[in-house]
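Comments concern the structure below.
The values are calculated or read from the model by the stated rules, or taken from the named source; none is laboratory data. Keep in mind it's a predicted model, so treat the numbers as computed, not measured. Cβ coordinates were reconstructed from backbone atoms using ideal geometry, including for glycine residues, and neighbour counts include every protein chain displayed. Remember, those area values only see protein heavy atoms, side chains included, never the ligands or the DNA or RNA. Shrake-Rupley method; radii C 1.70, N 1.55, O 1.52, S 1.80 Å.
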Amino acid sequence: KIHSLNVNTLKGHYELYLSAMKSTKDLSYKQREMIAVVVSNVNQCHYWIIHHGAGLRKITNDDEFVKQFVKDYKTSPISDQDKKMLGYAVKLSLEPWNMEEADVQELRDAGFSNAGILDIVQVTGYYAYVNRLADGLGVELEAFWKENVNDSTT
């Protein structure tokens, strides 16, 4: 619906989604979903927190994990590597002007390849974009979500 006034943007949006979420194997789908939730949380974008909280729940099959993760990823039972990845995504979301080579090096030191680091940046940037689309255009949760939102996602 959001692209109905300019259908050409739908193709670009879809290609960007595929590139950010499915193009390489350097990050797992779970890691990509975690970035989506954390960036959406930073941006206070309820729409995407709900959608990707559900995606994370589907991957993990663990309501308690998702509830804790949405509340505070730092206290969630995730690897130190994932905490560094998510800390980077938060900093990039909140203060991109303060990113330094040391931030990238910290990801390398945590075991991320250059392609993996690019994926982290791509996914972070993609969710900054779609959070603004949803909130900027007043996109509301679909009726299904409104009726079935699990308290563990919020």
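What to note about this one:
- Check: the chain dipole with +1 on Lys, Arg Cβ and -1 on Asp, Glu Cβ, in debye: 360 debye
- Charge dipole of the chain about the Cα centre (unit charges at C-beta), most positive-ward option of 17, 41, 105: 17
- Percentage relative contact order, segment 47-147, counting C-alpha pairs under 8 Å, at least six apart: 28 percent
- Shape of segment 19-93, Cα gyration tensor, a/c cut at 1.5: rounded
- ³J(HN,Hα), Karplus 6.51/-1.76/1.60, whole Hz, each residue of segment 110-121, x for Gly, Pro: 7, x, 7, 6, 4, 5, x, 5, 4, 4, 4, 5
- A simple packing score, the average count of other Cβ atoms within 10 Å per residue, orders the peptides 101-107, 61-67, 44-50 as 44-50, 61-67, 101-107, with the highest score first.
- Converting phi to 3J(HN,Hα) with the Karplus coefficients 6.51, -1.76 and 1.60 and the offset θ = phi - 60°, segment 57-72 yields 5, 5, 5, 8, 6, 9, 4, 5, 4, 5, 4, 5, 4, 5, 5, 6 Hz in sequence order, with x at every glycine or proline.
- By the compact-protein rule of thumb, 2.2 N^0.38 Å, the alpha-carbon radius of gyration of segment 7-154 corresponds to a ratio of 1.02.
- Whole-Å distance, taken between Cα centres, linking segment 1-65 and segment 88-114: 20 Å
- Accessible area per residue in Å² at 1.4 Å probe, computed on the chain: 57 Å²
- Fraction of accessible area attributable to carbon and sulfur, the chain (%, probe 1.4 Å): 52 percent
- Cα-based shape type of segment 80-128, given that a ≥ b ≥ c are square roots of the gyration tensor eigenvalues and the cut on a/c is 1.5: prolate
- The simple spin-label model puts a point 7 Å past each Cα toward its Cβ; for residue 13 and residue 26 those points are separated by 2.7 nm.
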